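Visitor: Here's a structure for you.
The values are calculated or read from the model by the stated rules, or taken from the named source; none is laboratory data. These figures come from a predicted structure and were not determined experimentally. Cβ: placed from backbone, ideal geometry, glycine included. Neighbour counts: every protein chain shown.
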Amino acid sequence: MVGSEDNGKIILVLNCGSSSLKYDLIKMPHRQSLGKGLVERIGEEKSVLEQKSGERKLVIEQKVKDHHEAMELVMKAITDKDEGIINNVSEIAGIGHRVVHGGDKYASSVIIDESVVAAIEEFIELAPLHNPPNLIGVQVARSLMPDLPQVAVFDTAFHQTMPPHAYLYGLPRKFYEEFKIRRYGFHGTSHRYVAARVTDLCKRHPSNTNVISCHLGNGGSVTAIAKGRSIDTSMGFTPLEGMIMGTRCGDLDPAIIGFLMERGYSSKELMKVLNKESGLLGLSGVSNDMRDLEKAADEGNHRAKEAIDCYAYRVRKYIGAYSANLIKVDALVFTGGIGQNGWRMRERICRRLENIGIFMDFKLNKEMGSKEGIVSEAFSPVTVAVIPTNEELQIAIDVYELAFSGKNEYRRRETDFVVGIKRP
Ligand code: ADP
């Protein structure tokens, strides 16, 4: 087992879903994951914890009533005498929580105090499925480990640098003022991580680097990043806007909603259709999973092929729009399950982008597979890269910077690349 004798700080990263609890123990500043695990089916008859640490694997099956019990089980698992990750819970130096919505209040990660807890609660109305379990995770961890610094890392925070012309919808002002309806954007931790990583990979200085980041997973979003700051992103008030996703429809003419409601669909039914039954799944009738679709398309399924084409076209459209907004693009990054692993989709997207300076080396792209690396031609004005995202590591970095560097507003290295900006 790995201890913290060498002055490293072990950070526990938590991601609480409605019936799951994901965790990762990361040693900082070494950026080393010591082990990770997942408790699933919390609240059901039989819950299961699975943990991996190097070659060691631990599986515990037992009823776990709620997140409090899940957290206690995690403590037991990580300190297990034979298959654990650390010797004692006291080796944990700090805790980082993934929180989906920080509204317009947080433009960076923050040390959790009562006001942050209240804000996570306040923004439940904006993220009714995600903020409640995130809040429970924070409350449980604070009650079990009250003396440790705990940090909230918001999915929305990175996008708080968007200017009004990018985040305002063309609606009457009162909808923004009264109901906070605006673009918030999501996947911020992932976009922030890969943008910093690609800057390192290209040996560039962040202050003169513009990036378009494509997080293509089951959910997906494209973000325009100028000098380390998000200036626009494809997801909006909710994660439903933007690209065509696994089961989400993405951009839509809003009149379609009224049209369908007049034909008997309730708003609840429609939300279910648009979130869970649309996108790649709805278009293909085959699957929401890109691997299944590529297989079906190869076997001649026309709808699967069309769904794939719609997906690639929509991503290309965003890249084109953001390329116009950024004026000069230095790097295009692919991440997320499809972006990292799907070389065919990367190729499909880039095949029609040469006119904006994106020249992919198709052979290299195929060879790169799922690894981190550059996949563009040496002469390409825009560097194209594959970067496996690591949101857990970014959360651990934030905890380390906030809790152990003595700064509440921090900057990456000595550069002016602002990773976290504390709002006045
Ligand atoms: P989530 O948004 O749920 O975290 P992921 O980032 O894990 O999702 O991405 C899931 C998607 O990645 C699925 O559509 C899956 O088919 C796709 N994917 C995984 N491996 C490959 C691959 N080798 N080729 C193409 N797509 C892949």
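Visitor: What's the number of the only condition in (1) closer than 17 Å to Pro133 by Cα; (2) buried (at least 22 other Cβ atoms within 10 Å of the Cβ); (3) in contact (Cβ under 8 Å) with a residue 60 or more places away in the chain that Glu72 fails to meet?
Guide: Condition not satisfied by Glu72: (2).
Visitor: Follow-up question, since we're still on this one. Test Asp309 against the stated conditions and say whether it is in contact with a Gly (Cβ under 8 Å, 6 or more places away or on another chain) and either away from the ligand (no atom under 14 Å from the Cβ) or not in a helix (DSSP H, G or I) (or both).
Guide: Against the criterion (in contact with a Gly (Cβ under 8 Å, 6 or more places away or on another chain) and either away from the ligand (no atom under 14 Å from the Cβ) or not in a helix (DSSP H, G or I) (or both)), Asp309 does not qualify.
Visitor: Among the candidates Leu252, Leu270, Leu280, Leu260, which residue alone is hydrophobic (A, V, I, L, M, F, W, C) and in contact with a Phe, Trp or Tyr (Cβ under 7 Å, 6 or more places away or on another chain)?
Guide: Leu280
Visitor: I'd like to verify a number: residues in segment 314-346 that are within 16 Å of the ligand (Cβ to nearest atom), out of contact with any Ser or Thr (no Cβ under 7 Å at 6 or more places or on another chain) and not basic (Lys, Arg), how many?
Guide: Total satisfying the criteria: 8.
Visitor: So which residues in segment 226-241 are under 17 Å from Val333 (Cβ atoms) and free of Cβ contacts under 8 Å to residues at least 60 places away in the same chain, if there are any at all?
Guide: Met235
Visitor: Answer yes or no: is there a residue in segment 192-200 that is within 15 Å of the ligand (Cβ to nearest atom) and modelled with pLDDT of 95 or more.
Guide: Checked against the condition, which is being within 15 Å of the ligand (Cβ to nearest atom) and modelled with pLDDT of 95 or more, segment 192-200 yields at least one hit.
Visitor: Checking Leu353 against (1) away from the ligand (no atom under 11 Å from the Cβ); (2) surrounded by fewer than 17 Cβ atoms within 10 Å (Cβ to Cβ), only one condition comes out false. Which one?
Guide: (2)
Visitor: Which is surrounded by fewer than 21 Cβ atoms within 10 Å (Cβ to Cβ) and more than 22 Å from Lys180 (Cβ to Cβ), of Pro128, Pro133, Pro149, Pro163?
Guide: Pro149
Visitor: Just for strands (runs of 3 or more DSSP E) wholly inside segment 193-289: which have at least 2 residues that are surrounded by 23 or more Cβ atoms within 10 Å (Cβ to Cβ) and among the β-branched types (Val, Ile, Thr)?
Guide: Where strands (runs of 3 or more DSSP E) fall fully within segment 193-289 and carry at least 2 residues being surrounded by 23 or more Cβ atoms within 10 Å (Cβ to Cβ) and among the β-branched types (Val, Ile, Thr), they are 210-216, 220-226.
Visitor: Which pairs turn up if I take residues in segment 329-354 that are free of Cβ contacts under 8 Å to residues at least 40 places away in the same chain and look for partners that are surrounded by fewer than 24 Cβ atoms within 10 Å (Cβ to Cβ) and aromatic (Phe, Trp, Tyr) with beta carbon separation below 6 Å, at least 6 apart in sequence or on another chain?
Guide: Close Cβ pairs satisfying both conditions: Glu347/Phe362.
Visitor: Among the candidates Lys76, Lys65, Lys57, single out the residue that is of a type in the set (Lys, Arg) and in a loop (DSSP other than H, G, I, E, B).
Guide: The unique qualifying residue is Lys65.
Visitor: Sort out which residues of segment 149-173 are within 28 Å of Pro133 (Cα to Cα), among the hydrophobic types (A, V, I, L, M, F, W, C) and part of a loop (DSSP other than H, G, I, E, B), and write them in order of number.
Guide: Met162
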